[in-house]
1. Every residue in segment 118-130 that is more than 16 Å from Ala345 (Cα to Cα) and open to solvent by 10 Å² or more (accessible area, probe 1.4 Å), please.
2. Go through segment 390-407 and give me each residue that's among the acidic types (Asp, Glu) and closer than 21 Å to Leu229 by Cβ.
3. Would you mind finding the one in Thr102, Thr79, Thr64 that is farther than 23 Å from Gln325 by Cβ and at pLDDT below 85?
4. What is the residue count in segment 134-176 for residues that are open to solvent by 10 Å² or more (accessible area, probe 1.4 Å), farther than 25 Å from Asn279 by Cβ and either more than 42 Å from the chain's Cα centre (by Cα) or without any contact (Cβ under 8 Å) to a residue 24 or more places away in the chain (or both)?
5. Please determine whether any residue of segment 102-121 is out of contact with any strand residue (DSSP E or B) (no Cβ under 7 Å at 6 or more places or on another chain) and under 14 Å from Arg182 (Cβ atoms).
6. So, of the residues in segment 257-300 that are buried (at least 18 other Cβ atoms within 10 Å of the Cβ) and of a type in the set (Asp, Glu), which turns out to be nearest to Ser69 (Cα to Cα)?
7. Is there a residue being within 30 Å of Ser467 (Cβ to Cβ) and more than 17 Å from the chain's Cα centre (by Cα) anywhere in segment 734-741?
8. Which residues, taken from segment 513-535, are in contact with a Ser or Thr (Cβ under 6 Å, 6 or more places away or on another chain), open to solvent by 10 Å² or more (accessible area, probe 1.4 Å) and among the hydrophobic types (A, V, I, L, M, F, W, C)?
Amino acid sequence: MWLKLMLAVVCWNSAIADIDRRRNSNPTYYNVGGVLSSNESVAFFKDTISNLNFKDKYVPRGVTYHDYSILMDPNPIMTALNVCKDLIAHRVYAVIVSHPITGDLSPAAVSYTSGFYHIPVIGISSRDSAFSDKNIHVSFLRTVPPYSHQADVWVDVLKHFNYMKVIVIHSSDTDGRAILGRFQTTSQSVDEDVDRKVVVEQVIEFEPGLDSFNEKLIDVRSAQARVFLMYASKTDAEIIFRDATYMNMTTSGYVWMVTEQALDAANAPEGLLGLRLVNATNEHAHIQDSIYVLASAIREMNKTEEINAPPSDCDNSGSIWQTGQVLFDYIRKQRLENGATGHVAFDDHGDRVHAEYDMVNIRAEGEHVAVGKYFYSKETQKMRLELKEHEIIWMGRSSSKPEGFMIPTHLKVVTIEEKPFVYARRVDDILDCTSEEIPCPHFNITEEADQLYCCKGFCMDLLTYLSRAINFTFSLALSPDGQFGSYVFKNISQPGSKKEWTGLIGELVYERSDMIVAPLTINPERAEFIEFSKPFKYQGITILEKKPSRSSTLVSFLQPFSNTLWILVMVSVHVVALVLYLLDRFSPFGRFKLANIDGTEEDALNLSSAIWFAWGVLLNSGIGEGTPRSFSARVLGMVWAGFAMIIVASYTANLAAFLVLERPKTKLSGINDARLRNTMENLTCATVKGSAVDMYFRRQVELSNMYRTMEANNYDNAELAIQDVKDGKLMAFIWDSSRLEFEAAQDCELVTAGELFGRSGYGVGLQKGSPWADLVTLAILDFHESGIMESFDNKWILQNNMLNCEENEKTPNTLGLKNMAGVFILVLAGIIGGIVLIVIEVVYKKHQIKKQKRMEIARHAADRWRGAVEKRKTLRAAILPSQRRAKSNGLKEAGSISLVVDRGARRRDEVPRIPRYSPAYTPDVSHLVI
């Protein structure tokens, strides 16, 4: 730490010692040269240098200034030789140069000669713009401003009088072009009031040495501006004033402002305003300020710089004085707060700034009267303009300030098709337009030229009312490219490409039209280049989307209950039926006979009847038979009936909510919806290219991700985007709320989502500085107060369609086949199921009948066999006793026995034969016992 401090002290002491060494080695006397125009100036120069040595403020002790001066020769070559012989030979540190009485090249010769060695030259009267070029006049400064600096005063005067559109007339020399360039730069510079920018309507450039100016004046007679700014020499100004007076362009209503040279014209018209530099001819005051500025610069440089002696020989062309370059920079940085010519300061080019001017008004007989001044204010440290307006006599000897422009009575109006504000209908002849339509030809370079359209709508009615209220005629045309306009690069593939306005805005900015009457959103980007009236309609930005279709399917009638609840209901039906059957079966009071009139017995409740009873109670159908008879089963039946009533009532209520009162909600909640902000979501949104909505998204940093996603989907116009929303190709279209609300009113299937954002208004667009701006604004405000705008809204935007949609929203939906198709399909399934079951029953019954017939035949055959067997048993039983008696009685009995046998044999032969059946059917007689 201590080491660092010691090093810092050593370095500081070394620097101080080095400065002292330089100060001690610097010269103690300085020679100052002067090239002046008169002996009086030479004497004043000597006296000023002599007095300077006694002023400690500028000259430190031990330092002395010496003067070396010469008279300026009109011959520039002689002047250059004299500078070398009488000034540079005496090692002058700077040269103060005046202006010759005749000739203009001598100051330039002094600048070239001294500048070759970088010896600073301070001019006190040279005002040509060429001296500002540091490539030529490398070491030239001046205490007078160049002529081009008068453009700064012009701008302040024009803004003071509120003249925002002018015509500039200038000569085609260096100073003329310089003053035009400075005026255009200064008038368009951004200051506190960015809306007040002076516009140059037309520039007239002429060659010096005029003979006539009539042709150029004829070209500007039809211009709107009536304020002329002129830079010309005295002789050229006299020609211009002569021709302008002949063409009555110096009468009442015109304003002429000129520079100092033109102010001296002998025929300058009465009412002319001109500028005159304060102390312009006071050569002594400029000599004094120049010497003091130089002494201040040497004093400052002597403190820190090492000063070397200047060159002393012009023949030594190889040596350049490095100290001269440093001294030039020090002089350029100096300021004199209270100089003899005012506040003295220089810009980067070495030109005088903060120079003071008088505003001069030409009166009768060429009298020059100062009516204002342009001076440096110490309080604000800026230039300030003060004018005595009541003392100004204007052209035509008028005491009131002219308007400064001629209001044209016929305007070129452009618009764009945008429902419901502008409807465009293609026609073959303008005569086909109806009474409420306005002809609006469309010029499109990509299609057939001069297409004829008829336009009507909100904006067309507004245009008609405006023309009547503020008294103008108009010709209407549609946008050439069908766009509102954006600020884009043109010919980006070529070098030097620049940004240009397209669409409606481009037509206005480049003065191809006078007014835009369309749904043109007011925003900062556009307001910088065009003028807007007060809004004729306030609106914002919203999102248009198609209403989600109903989620009705073939099983819509099942929506009131969840799948779990339906399963539980189905299970409950069968569980209750089973319990009813069991209770009725095992109850001791479940089986009894009813004393019916017909004496029939009621069957007991079986399982099938129990299921039928449970379904019948649930579906609220009549139960004709198969009801429970035991008390326990009937208690359960009553509870089940209550359950069924609650289930059916709940189902009916929810069915109404799902199918009748259901209203689809918007899918998006607004611009802050996470699905819009999240670029990964599969949701397409878009707007119109180059529109105000597109500009809004560009300047919103928080919407940058969303904008990058939607930029690729943007449409050329709103019509295509809205149609894609209807077709389901685009999920969300972001656009002006007034248009989207109109579309939602026209088609109840469309809906706007979320709240409005980016609130703004529609305004009438005009050129910057247009004289119609205030008139249009006042007319629109009057339309708002008188209810005309409200009538436009009712006629074109609302059209009672919004109310119809709202009424439809409040009424229940009518159920259609789409909603109840599942029920009909269920009935159809029941019918088909019944037909299938009846077929199965018929087939099964026929099979049963065949089987029963076969069983009857088999049973009949078995009975026959059984009878035959019985007979045999009986016969045997009868034969056995006879044989026993025959044995006991002898042959007689034997003969009788044979007779019996024979009879028995005969009877046996009479037994019917059993029919033979096919192998396919064999009666089952195995159970018979023979």
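The values are calculated or read from the model by the stated rules, or taken from the named source; none is laboratory data. In this text the structure is predicted, and so the values were computed from the model without any measurement. Here the Cβ is made from the backbone with ideal geometry for all residues, glycine too, and neighbour counts use every protein chain on show. When the accessible area is computed, the model is the full protein with side chains, heavy atoms only, and any ligands, DNA or RNA have been set aside. Shrake-Rupley method; radii C 1.70, N 1.55, O 1.52, S 1.80 Å.
1. Scanning segment 118-130 gives His118, Asp128, Ser129, Ala130.
2. Our first condition is that a residue be among the acidic types (Asp, Glu); within segment 390-407, this holds for 391, 403.
Glu403 - this is the single residue of segment 390-407 that is among the acidic types (Asp, Glu) and closer than 21 Å to Leu229 by Cβ.
3. Numbers: Thr79 fails: at pLDDT below 85; Thr64 fails: at pLDDT below 85.
Residue meeting the stated conditions: Thr102.
4. Counting residues in segment 134-176 that are open to solvent by 10 Å² or more (accessible area, probe 1.4 Å), farther than 25 Å from Asn279 by Cβ and either more than 42 Å from the chain's Cα centre (by Cα) or without any contact (Cβ under 8 Å) to a residue 24 or more places away in the chain (or both) gives 6.
5. Filtering segment 102-121 for residues out of contact with any strand residue (DSSP E or B) (no Cβ under 7 Å at 6 or more places or on another chain) gives 102-106, 108-109, 112-113, 116-118.
Pick out the ones that are also under 14 Å from Arg182 (Cβ atoms) and you get none.
No, segment 102-121 has no match at all.
6. Filtering segment 257-300 for residues that are buried (at least 18 other Cβ atoms within 10 Å of the Cβ) and of a type in the set (Asp, Glu), the one nearest to Ser69 (Cα to Cα) comes out as Glu283.
7. Of segment 734-741, the ones within 30 Å of Ser467 (Cβ to Cβ) are 735-741.
Now drop any that are not more than 17 Å from the chain's Cα centre (by Cα), which leaves 741.
Looking for residues that are within 30 Å of Ser467 (Cβ to Cβ) and more than 17 Å from the chain's Cα centre (by Cα), one finds at least one in segment 734-741, hence yes.
8. The answer is Ile522, and nothing else.
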